[in-house]
Each structure stands twice: as C-alpha cells, then as structure tokens.
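The numbers here are math on the coordinates, done by the rules we state, and not lab data. Everything numeric here is computed off the predicted structure, so don't read it as measured data. Because the Cβ atoms are built from the backbone with ideal geometry, glycine has one as well, and the counts that use them run over all protein chains shown.
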Amino acid sequence: MTLATPILHTARLRLRPFTDADADPLFALHSNPYVMRYWDSPPWTERARAERFIAMCRKMAHEGTGARVAIDRASDGAFVGWCVLTGWNPEYRSASLGYCLDEAMWGHGYATEAAHALLRWAFDTLDLNRVQAETDTRNTASARVLEKIGFMREGTLREDCVVNGEVSDSWVFGLIRREWRPAAAPTGSAAASPAPVTKSEP
C-alpha cells in the first residue's frame with residue numbers, strides 16, 4: 001500500500017516531498033560533524049549518500065511505511081532540513097518521529113513547528129494512537145522540542161549506540177493520542193540548538 005507524501009503549510013514553513021534537487025543541501029546537512037554529533041552513524045563523506053537517501057524516501061512512500069518531508073522556509077524557499085514519520089504500523093496505530101535541521105536554522109522554532117504539522121497530518125490521516133521518538137541524552141535541546149509538542153519522557157536506553165568508539169545513551173519519548181493537542185500549533189523561538197531527534201536513519 002502506497003502512502004502519498006503530504007505537502008503541508010505552516011505559518012513559516014512548507015513541508016513537501018524530496019526531489020533530486022535536494023541532494024546538495026541534504027549532503028551539506030548530513031556531512032556537518034556538528035549537526036551529526038548525536039547521530040548513530042558518522043557524517044556523510046560522499047554525495048551519493050544523499051541520492052540514496054532521497055531514493056529511500058520514495059521507497060518509504062511506495063511501501064507505505066511512513067513519510068519523510070523536506071522543510072523549506074516559506075519566506076525565501078531556503079532548505080531548513082527534514083522531518084519524518086517512519087515505521088508506521090496500522091495494526092498498532094503507531095509510528096516514530098524524527099527530524100534533522102540545518103545548523104543555520106537552529107534557534108527559530110522551526111523544528112517544533114514542522115514536527116507539530118507532520119504530527120497533525122499523521123494523527124488525522126493515519127489514525128495514530130502512539131508516536132515514539134528517541135534522542136541522545138546529551139541532546140537536551142531536542143528533548144525540550146519534543147516536550148513542547150506534548151511528548152513525555154518514558155525511559156532510557158543505556159549504551160544503545162557506539163559511533164567511532166563513543167558510547168551513548170538514548171531517551172525514549174512517547175506521545176499518546178489522548179494527550180495530543182492539535183490546536184497548540186507552536187511558532188517562534190525554540191531551544192538554541194535542536195540537533196537531530198532520532199539516532200537512527202532508515
């Protein structure tokens with residue numbers, strides 16, 4: 001079953017399917033060691049990774065397992081980053097949330113705004129009951145972003161990642177449908193450095 005990747009609009013952002021033209025800004029994003037410092041794999045070193053990433057986004061939509069959207073700033077079309085709902089399980093009515101933003105876009109509330117928009121679409125379209133997210137325990141900025149949109153911290157995965165010999169823990173967050181507040185669409189300033197939420201890449 002396919003799942004059409006949505007086109008969504010917020011006060012300041014446009015969320016849309018990836019195109020081949022996104023390969024360069026996507027590679028710039030994922031090759032930045034500072035942005036990727038809490039990721040579960042090293043920064044990219046070859047542009048071909050971006051092309052494979054875009055192909056995987058299309059495969060996800062074709063297989064109906066989730067939706068990954070590119071985020072543009074509405075005022076000038078600048079590439080902000082991406083947001084994803086993956087691992088959609090229609091039987092359990094569950095999925096996982098993740099996002100990654102360009103370093104220049106941190107501190108403006110874009111992560112919160114984009115994630116809220118994608119969650120609104122997912123709860124309405126996919127009839128979700130639960131959404132899960134994971135973040136490195138050192139990434140307190142992303143933890144605050146999740147809490148702003150209603151997620152609750154549920155536990156810790158101890159030493160669940162090892163990247164270049166560095167061991168790290170993850171916090172697990174959950175959002176239940178009955179706790180979801182769709183009317184509370186956030187805009188404005190967010191935490192100073194919302195790095196990638198999830199520590200995994202499909």
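In order along region 156-167, the Karplus-derived 3J(HN,Hα) couplings, from 6.51 cos²θ - 1.76 cosθ + 1.60 at θ = phi - 60°, round to 10, 9, 7, 6, 8, 10, 9, 10, 6, x, 9, 8 Hz, and Gly and Pro are given as x. Full extension of the chain segment joining Arg93 with Asn32 gains 18.5 nm, where the gain is 0.36 nm per residue of separation less the Cα-Cα distance.
Size descriptors for the chain, from the alpha-carbon set: Rg then Dmax equal 15.6, 43 Å.
Positive end of the dipole of region 8-179 (Cβ unit charges, origin at the Cα centre): among Ala141, Trp88, Phe53, the Cα lying farthest that way belongs to Trp88. Legend: ranking of residues Ser94, Ser75, Ser41, Ser168 from fewest to most surrounding C-beta atoms inside 10 Å; resulting order Ser75, Ser41, Ser94, Ser168.
Here the 3J(HN,Hα) profile of region 4-14, calculated from phi with Karplus coefficients 6.51, -1.76 and 1.60 at θ = phi - 60°, is 5, 5, x, 10, 10, 10, 10, 4, 10, 10, 10 Hz, Gly and Pro shown as x. The charge dipole of region 8-179, taken about its Cα centre with unit charges on the Cβ of Lys, Arg, Asp and Glu (plus for the first two, minus for the last two), comes to roughly 420 debye.
For the chain, the relative contact order works out to 23 percent when only alpha carbon pairs closer than 8 Å and six or more residues apart are counted. Residues of the chain were split at every exposed loop site, defined as chymotrypsin sites (Phe, Trp or Tyr not before Pro) in a DSSP loop with at most 13 other C-beta atoms within 10 angstrom, and the longest piece left, sites excluded, is 93-202.
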